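Okay, so here's the structure we're looking at.
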Amino acid sequence: MNTLTVLFAVYLASLTFVRLRNRVTFPLLRHLSDFSVFMVPFNIPAYLLSKVPTTAFVETRHFPELKIIEDNWQDIRDEAAALFENGYLTAKDDLPASSFYKNGRWTSFYLKSFNNDIPSAYSLAPKTMALLDQLPNMKMALFACLNPGKTINGHHDPFAFTLRYSLGLVTPNSEQSGIMINGDHVAWRDGESVLFDETYYHYAYNDSDKPRIILMTDIERPLRIKWLQTLYSGFGAFFNGLFRVDNTDPSKSGIGNKLGVYLNHYKAFMKAFKRWNKPLYVATKFAALGGLIYLVFF
C-alpha cells in the first residue's frame, strides 16, 4: 500500500468520523474540503485521553476555577459594555477567524491569546484581566459582539485540545439570540454560561434589534498524559504566536497575519466563483477529488 493510498484512507476515515460524531453538520460536498476533517488525526489523542467527557456539552463542574469568573461577571460586563460604547470592539481582517467579521456582523476586543502580550487589555479592562490572570489554563479570551440581525455561519473549529467557555454579558435575554451546538439550542442570557467542544458543528445568531456581547474563551482540555498536554499547549502557543493582535495598535502584525490576508483573498475568490456559476464550481470540486482518487489508485 503506497503512501498516497494510506493518506486517502486516513482522509476517508476522518470524514466518516466527523460525520458520524455530529448529529448535524455540513452537506457532504461542503464537508469534503472542510479543514476540520484534515485535523481529525491531530485531535484523536485529545479525544481518547480527555479527562472530561467528549460530548458536545461539558459541565462547568469539571472546571471549578471558572467560579471566579461567574462570581464576578458583573464587573466583567461593566468593562465590556464601556469598551463597546467607546468603540473599542472592532473588526480584525487578518486573524484566523477573520471571516466572522465580514459584513459588520461581528466585532471583538482581545484579552488573551496564549503567550501574546496585549497591553491594551490591561489598560482598558484591568478588572477583567485581574480575574483572567488567575486562570492559567484559560489560553484565549475576548469580548465578542454579534450585531443585531446577524449570524455566524455553521462551522467546526479545528482543534480539540481546548474547550469553548462563553459567558453572556450584555445580551437580548431572549430566544432571539443564541447558539446552536450539534443541533441543541442555548439562548444567550446575562450572567449565564455554556461550556462546549467547539469541534462539534455550531453556529450563533442574533435575530434581535440589540447587540449581543459575551466573554468568549478557550480553556485547556485536561488530558490523562501530561507530556501530551504540554505538547498540545506548545503547539497552541506556537500557532497563535504567528498572529500578533492588539486592540489599539494596528501596526502589530506577525507572519500569520500577512498569510491570513492572502488566505482571505483565496476564500473570497472561491465564494465569488460559486456565486458566478455554482454548477461549474461543484464540477470543479468533483474533478479535483476525482484527480486525487486517480493519483492514489492508478
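Readers should treat all values here as calculations from the given coordinates under stated rules, not as data from a laboratory. Since this is a predicted model, take the numbers as computed values, not measurements. Heads up, the Cβs are rebuilt from the backbone with ideal geometry, glycines too, and the neighbour counts pull from every protein chain shown.
Quick notes on this one:
- Cα gyration tensor shape for region 1-151, rounded if a/c is under 1.5, else prolate or oblate: prolate
- In order along region 158-173, the phi-based Karplus estimate (6.51 cos²θ - 1.76 cosθ + 1.60, θ = phi - 60°) of 3J(HN,Hα) comes to x, 10, 9, 7, 10, 10, 9, 10, 10, 10, x, 10, 10, 10, x, 6 Hz; Gly and Pro are listed as x.
- Against the main long axis of the alpha-carbon atoms of the chain, helix 226-241 sits at an angle near 80°.
- Other-chain or far-sequence residues with amide H under 5 Å of residue 201's (modelled H): 182
- Label-point separation, residue 130 to residue 7 (7 Å along Cα→Cβ), nm: 5.3
- Using the Cβ-Cβ distance between residue 175 and residue 75 with R0 = 22 Å, the FRET efficiency computed as 1/(1 + (r/R0)^6) comes to roughly 0.20.
- Its DSSP H runs of at least 4 residues, each contributing -39,500 (n - 2.57), put the calculated 222 nm mean residue ellipticity of the chain at -13000 deg cm²/dmol, to the nearest 500.
- Averaging 1/r over each pair of different alpha-carbon atoms in the chain and inverting the result gives 20.5 Å, the Kirkwood hydrodynamic radius.
- Prolate/oblate/rounded label for region 119-202 (Cα gyration tensor, a/c 1.5): oblate
- Proximal lysines to residue 67, defined as alpha-carbon separation beneath 16 angstrom and excluding residues fewer than eight positions away on the same chain: 127
- The simple Förster model, with R0 at 41 Å and r as the Cβ-Cβ distance, assigns residue 287 and residue 137 a FRET efficiency of 0.35.
- Once both labels are positioned 7 Å from their Cα atoms along Cα-to-Cβ, the gap between residue 239 and residue 123 label points is 3.1 nm.
- Seen through its C-alpha gyration tensor, with square-root eigenvalues sorted a ≥ b ≥ c, region 64-205 comes out rounded because a/c lies under 1.5.
- Ordering of 15-27, 177-189, 194-206, 140-152 by packing [mean C-beta count within 10 Å, highest first]: 194-206, 140-152, 177-189, 15-27
- Neighbour net charge for residue 77 - beta-carbon separation under 11 angstrom, K R +1, D E -1: -3
- Fully extending the segment from residue 65 to residue 115, taken as 0.36 nm per residue of separation minus the present Cα-Cα distance, adds 16.0 nm.
- Checked against a 30 Å cut-off, the cross-linked pairs 252/274; 102/226; 226/252; 112/226 give Cα-Cα distances beyond that limit for 252/274; 102/226; 226/252.
- Take each peptide in 74-84, 40-50, count the other Cβ atoms within 10 Å of every residue, and average; sorted highest first, the result is 74-84, 40-50.
- Degrees separating the helix 3-21 axis from the principal Cα axis of the chain, which is the longest one: 50
- Pairwise centroid distance, computed over Cα atoms, of region 135-174 with region 46-74, Å: 14
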